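Read through the structure below, which is laid out as C-alpha cells, and then see the notes.
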Amino acid sequence: GFDTYVNTIAKMIGDPSFNTPFCIGIFGDWGVGKTSFMRQLEKELEKVKTPPLPIPIWFNPWRYEKEDHLIIPFLKTIERGIDSYRGKDQSSKQGVIDALKKAAAKIGHASAAFAYGLTTECKLGPVGFKLDPAKMADWMKVFRKRQIQEAASYAQTLSAIYYDIITELKGAVTEDEFRLVVIVDDLDRCLPEKAIELLESIKLFLDIPG
C-alpha cells in the first residue's frame, strides 16, 4: 500500500519547480516496512531519466557508530553514491556527467579536509565538530595547490572553514541537472547522541538547494 506515497514523493523530487532542500521523516514501529518503503522510493527514483535527475544515496549510520564523527562517513557515502551513479548512467549528456564528476570531487575534498583537520582542541557548531584550522589550511595548501596566502586565510576562524566547505557543497550541486536524495535508514538503531549528531550534520551540510 505504499505506491501512492512513493509515487507522490518521486514526482515532487523530479519536479523542476519543487523547491529544495526538503526533508521527510518516516516513522513507525519495528517491522512495519519503513525500509521497504524507502527501497521502493529508491527504485522509483532510479527510473527517472530526465533532468533534474534524482540520485538516491543510501546511508546506514549505525554501521559507523564507532567513528568519532559521523560527518566523515556521511560525506564519503554521498561522494561514492554520486560516483556510482555516474558510472551506471549512460544516457545523460556530457555536461551532466561532468557536473556529477565535479560534485563528487568537491564533496570528497570536504570530507578529506574534515578528516585531516579533526582534533580535540577546538569546536565548530552544535555537533561538536573539533577542528584544527592550521591543519586544515595545510591540507588545502598541499592537496588543492592553493597559494600560501589563500591557505593561511583558512586558519583565521573556524567559521571561515565551515563556510568555505558549505560553499564547495553549494557549488557541487547543479539543481537543474540533478538532485541528491540522501536516504537515512535505521536511525533508531543508533545511540541517542549519535542520532542527534547525524541530524545536526544533515542540518548543517544538506541545508542547500539541490
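Would you mind telling me which numbered condition in (1) open to solvent by 60 Å² or more (accessible area, probe 1.4 Å); (2) within 20 Å of GLU197 (Cβ to Cβ); (3) at pLDDT below 85; (4) not aliphatic (A, V, I, L, M) GLU79 fails?
Unmet condition: (1).
Looking at (1) surrounded by fewer than 20 Cβ atoms within 10 Å (Cβ to Cβ); (2) in a helix (DSSP H, G or I); (3) modelled with pLDDT under 90, which is the only condition ASP29 fails?
(2)
Just give me the residues in segment 32-49 being closer than 18 Å to LEU187 by Cβ and open to solvent by less than 60 Å² (accessible area, probe 1.4 Å), in sequence order.
GLY33, LYS34, THR35, PHE37, MET38, LEU41, GLU42 - these are the residues of segment 32-49 that are closer than 18 Å to LEU187 by Cβ and open to solvent by less than 60 Å² (accessible area, probe 1.4 Å).
Tell me, please, whether a residue that is farther than 14 Å from ASP185 by Cα, part of a helix (DSSP H, G or I) and more than 13 Å from the chain's Cα centre (by Cα) can be found in segment 50-72.
no
The values are calculated or read from the model by the stated rules, or taken from the named source; none is laboratory data. What you see is a predicted model; the values in this text were computed from it and never measured. Ideal geometry is used to build each Cβ from the backbone, glycine not excepted, and the neighbour counts take in all protein chains shown. For accessibility, only protein heavy atoms count, side chains too; no ligands or nucleic acids. Shrake-Rupley method; radii C 1.70, N 1.55, O 1.52, S 1.80 Å.
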